[in-house]
Amino acid sequence: MKKMSSSAKLSYYLGWGLILIYFISNLIFVHDPRPATGILALAGCIFLVIHGVARYGWKGTGLFVILAYTVSTFLEDLSIHTGFPFGNYHYDLSSAPFAVPFIDQVPVVVGPIYIAVGYLSWTIGSIIMNHADRHLDKKRNIFLLPMVSAFIMVQFDLVQDPSTSTYQGLWVWENGGGFVGVPLVNFLGWYFTCYLFMQIFTLVLAKNQQMIKTSGLVDKKFYWMQPIVLYLTIAFSYVTQYIYHIDNETEIQDLAGNTWTVANLYEISVTVMVFTMLYSAVLAIVNLYKDANGDLKT
């Protein structure tokens, strides 16, 4: 490792340490990944603070946290009451291994998941678009960056829903849905929610480009690899769960009467992951290692 300042070393070790903690938690709780989800929320938010402050300062990072939390929690609660924008569903944590407090009808852990995975998705989207957050003077980037990043965020939901919703039943779709018990409107709602808070954040950044730091930690390659690796760690957690449940022929039925085995649900999660989350991460890594001419560095 090249010589780094004390603050860079601290960020380096804390970042990789948080990723390792989450990775280990997935192995420990492979039989019941719900505690690992809580660890992701906590570790992911701490990672955001370490990573985000180096890039946007305290004000910019704080703004992202506030926007992601308030927009996601408000719209989740609105949908539970009205059906917009996610459809008709409700949370059921009665079987959770520990008590989870709620904000009205939404578990408090939901907001931090949006914050943590939202920041990873935003960062990966920025990398894919050649650090578009630094180039918001180009009007197209103001709209394309949140559009691309929101797609990357929804990929996570596509991967998690077959197991977390249909199998574990942490949230229940009252009329079932075409994607292993989950309706299309859920993913449209996710996209709308993520796009909304990311678009607001982008508009603020466009007016305050001096908020974005272009030197220091952001010059280090590891700084950009860490969010990609954490995103991949989330993705590959479904591989370990699939391996654990590969012979589980227990049948699960949604409220519309459709039936799948547990092994089928995890196989669907892994299949979707390979061609969504993994693809986006690989695309970001390739872009990260391109030179000024667009060629891969050797």
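The values are calculated or read from the model by the stated rules, or taken from the named source; none is laboratory data. Since this is a predicted model, take the numbers as computed values, not measurements. Backbone-built Cβ (ideal geometry, glycine too); neighbour counts: all protein chains shown.
Looking only at residues that are crowded, with 16+ Cβ neighbours inside 10 Å and more than 17 Å from residue 45 (Cβ to Cβ) in the stretch 6-15, which one is modelled with the lowest pLDDT? Lay out the reasoning, then the answer.
In the first step, residues of the stretch 6-15 are kept if they are crowded, with 16+ Cβ neighbours inside 10 Å; the result is 8, 11-12, 14-15.
If we keep only those that are more than 17 Å from residue 45 (Cβ to Cβ) too, we end up with 8, 12.
Details: 8: 82, 12: 92.
The selected residue is 8.
Just wondering, is there one or more residues in the stretch 195-208 that are within 16 Å of residue 84 (Cα to Cα), aliphatic (A, V, I, L, M) and in contact with a strand residue (DSSP E or B) (Cβ under 7 Å, 6 or more places away or on another chain)?
Let us first name the residues in the stretch 195-208 that are within 16 Å of residue 84 (Cα to Cα), namely 195-196.
With aliphatic (A, V, I, L, M) added as a condition, the list becomes 196.
Still in the list and also in contact with a strand residue (DSSP E or B) (Cβ under 7 Å, 6 or more places away or on another chain): none.
No, the stretch 195-208 contains no residue that is within 16 Å of residue 84 (Cα to Cα), aliphatic (A, V, I, L, M) and in contact with a strand residue (DSSP E or B) (Cβ under 7 Å, 6 or more places away or on another chain).
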Which of the residues belonging to the stretch 75-100 are modelled with pLDDT of 95 or more and in a loop (DSSP other than H, G, I, E, B)? 83, 84, 85, 86, 87, 88
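Out of the residues in the stretch 169-183 that are out of contact with any strand residue (DSSP E or B) (no Cβ under 7 Å at 6 or more places or on another chain) and surrounded by fewer than 21 Cβ atoms within 10 Å (Cβ to Cβ), state the one that is farthest from residue 107 (Cα to Cα).
178
Can you tell which of 136, 144 is assigned to a loop (DSSP other than H, G, I, E, B) and aliphatic (A, V, I, L, M)?
Just one listed residue meets the conditions, 136.
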Given the conditions (1) in contact with a Pro (Cβ under 6 Å, 6 or more places away or on another chain); (2) without any contact (Cβ under 8 Å) to a residue 12 or more places away in the chain, every one holds for residue 41 apart from (2)
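Which of the residues spanning the stretch 165-198 are hydroxyl-bearing (Ser, Thr, Tyr) and over 23 Å from residue 123 (Cα atoms)? Write out each step before concluding.
To start, the set of residues in the stretch 165-198 that are hydroxyl-bearing (Ser, Thr, Tyr) comprises 165-167, 191, 193, 195.
Once the filter is applied, which keeps residues that are hydroxyl-bearing (Ser, Thr, Tyr) and over 23 Å from residue 123 (Cα atoms), the stretch 165-198 yields 165, 166, 167.
How many residues are outside any helix (DSSP H, G or I), closer than 13 Å to residue 151 by Cβ and in contact (Cβ under 8 Å) with a residue 40 or more places away in the chain if we restrict to the stretch 107-133?
Just the residues of the stretch 107-133 that are outside any helix (DSSP H, G or I), to begin with: 107-109, 129-131.
Applying the additional criterion that residues be closer than 13 Å to residue 151 by Cβ yields 129.
Narrowing the set further to residues that are in contact (Cβ under 8 Å) with a residue 40 or more places away in the chain leaves none.
Number satisfying all stated conditions: 0.
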By residue number, the members of the stretch 84-116 that are more than 25 Å from residue 178 (Cα to Cα) and among the β-branched types (Val, Ile, Thr) are 100, 103, 108, 109, 115
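If only one of 158, 203 is more than 30 Å from residue 4 (Cα to Cα), of a type in the set (A, V, I, L, M) and surrounded by fewer than 19 Cβ atoms within 10 Å (Cβ to Cβ), which one is it? So that I can check it myself, show each step before the final result.
On the way: 158 fails: surrounded by fewer than 19 Cβ atoms within 10 Å (Cβ to Cβ).
That would be 203, the only listed residue that is more than 30 Å from residue 4 (Cα to Cα), of a type in the set (A, V, I, L, M) and surrounded by fewer than 19 Cβ atoms within 10 Å (Cβ to Cβ).
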How about the stretch 158-199: which of its residues are within 17 Å of residue 272 (Cα to Cα), assigned to a strand (DSSP E or B) and aliphatic (A, V, I, L, M)? 182
Answer from 89, 56 - the residue that is in contact (Cβ under 8 Å) with a residue 40 or more places away in the chain, buried (at least 18 other Cβ atoms within 10 Å of the Cβ) and in contact with a strand residue (DSSP E or B) (Cβ under 7 Å, 6 or more places away or on another chain): 89
Criterion violated by residue 222 - all others in (1) at pLDDT 95 or above; (2) not in a loop (DSSP other than H, G, I, E, B) satisfied: (1)
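Given the residues 248, 208, 186, which is the only one that is under 19 Å from residue 90 (Cα atoms) and either surrounded by fewer than 20 Cβ atoms within 10 Å (Cβ to Cβ) or out of contact with any Leu (no Cβ under 7 Å at 6 or more places or on another chain) (or both)?
Details: 248 fails: under 19 Å from residue 90 (Cα atoms); 208 fails: under 19 Å from residue 90 (Cα atoms).
From the options 248, 208, 186, the qualifying one is 186.
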I'd like the residue in the stretch 225-261 that is modelled with pLDDT under 95 and either of a type in the set (Gly, Ala, Ser) or under 23 Å from the mean Cα position of the chain (by Cα) (or both) and, out of all such residues, is nearest to residue 174 (Cα to Cα). 256
